[in-house]
Amino acid sequence: MNGWKRIVLGGLGYLLFFVVSLVLFTFLTFDPTMFAPRIERAAKDGGITLQIQKISLKGLGGLEMRGVKVSPAAKPQEGEGEAADPPTPMVIDRLIVKPKLTTLPGLLTAARDNKPPRIEAAFSARVGEGEIESGFLSFYGESLSAEAEAKSFPLARVPLSGFEIKGLKFYAPTLSGSMDAKVKLEMGNRKNPDTWNGDVQLDLKNPGISELKNAIIAFPGPKMQSGNLKAKIDRGLVTVSSLKLVGDDMPMNFTGTIKLNPNFAASMSEINGTIEFSESFKSRLDPTFAQMLPPKKIEYKGPIGKLAAW
């Protein structure tokens, strides 16, 4: 081998050794906890309260977060279906995020320049006995794009608010059962529902409410066998083609539309359908509440936050 070839190959070898050593040293000494406040702040800008208990590196480019608590940051306004108490946060046991190669440097640059970051990442999660198998999230400034597919997601982890029925305020109920879900959402501007598009499909397994209670009364909620929700979002208008519960306690079948508002409780809805309550279920209710049950056929037009008031 000629001398100059040995010199070039030797130089490339030293360069490769330097790059590998640099990457390995960075990986072993890098402190990923610096990302937690930035991620929480970015989520808050998107209207979400996010708390991360523990964060660590996952491979060379991913982040693993444990004990993640997620809840809506915004509260309904007075007069638009105000909740009796704030929604309980959804707890994600483990969340793995794998950002695109340009995302992590972008977070550091954005923090330095005090600008909103551009985040694009694939994610998966473990929630109780269920999981989000595949998901993708992209947002920058006011725009957001997201896709997710979940299997056996526990309904008990869904964050709910308290509600009011004809003057009686109830605490946030706890759901039971599980669901498979496919969700796709595109927001050109998170503050402008006219730029929102997407699809939602939920298949429910043994859905139910464990208990309904307030400061005075408490009684068991309905238990069902199955259910589904199919909806399409087109420029902020949700068309619900199917909202169905199948079972003995409270079978229901609804269709309708919802014109979305950034404050969801103020979203205007037109909903039509039927709901029935079995005699067995009625016998388990407090007599005062049993008298408040709606008629079989329901036609409602108004803010979604006041739907429970019938």
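Details
- Just so you know, in the stretch 263-290 the residues that are among the acidic types (Asp, Glu) and either at pLDDT below 90 or assigned to a strand (DSSP E or B) (or both) include one that is farthest from Lys191 (Cα to Cα), and it is Glu279.
- Search result, residues across the stretch 257-304 that are closer than 26 Å to Lys213 by Cβ, open to solvent by less than 40 Å² (accessible area, probe 1.4 Å) and in contact with a Pro (Cβ under 7 Å, 6 or more places away or on another chain): Ala265, Ile275, Phe281
- Look at the stretch 127-144: where a residue is loosely packed, with under 14 Cβ neighbours inside 10 Å and a partner is basic (Lys, Arg), sitting 6+ places away or on another chain with Cβ atoms under 8 Å, you get Glu133/Lys151.
- Residue within the stretch 228-246 that is β-branched (Val, Ile, Thr), without any contact (Cβ under 8 Å) to a residue 40 or more places away in the chain, open to solvent by 40 Å² or more (accessible area, probe 1.4 Å) and out of contact with any Gly (no Cβ under 9 Å at 6 or more places or on another chain) present: no
- Only a single item in (1) under 22 Å from the mean Cα position of the chain (by Cα); (2) surrounded by fewer than 14 Cβ atoms within 10 Å (Cβ to Cβ) is not met by Leu307, and it is number (2).
- Test result for Lys213, modelled with pLDDT of 95 or more and basic (Lys, Arg): no
The values are calculated or read from the model by the stated rules, or taken from the named source; none is laboratory data. Since this is a predicted model, take the numbers as computed values, not measurements. Backbone-built Cβ (ideal geometry, glycine too); neighbour counts: all protein chains shown. Note: accessible area is taken over every heavy atom of the protein model, side chains too, but ligands, DNA and RNA are not part of it. Shrake-Rupley method; radii C 1.70, N 1.55, O 1.52, S 1.80 Å.
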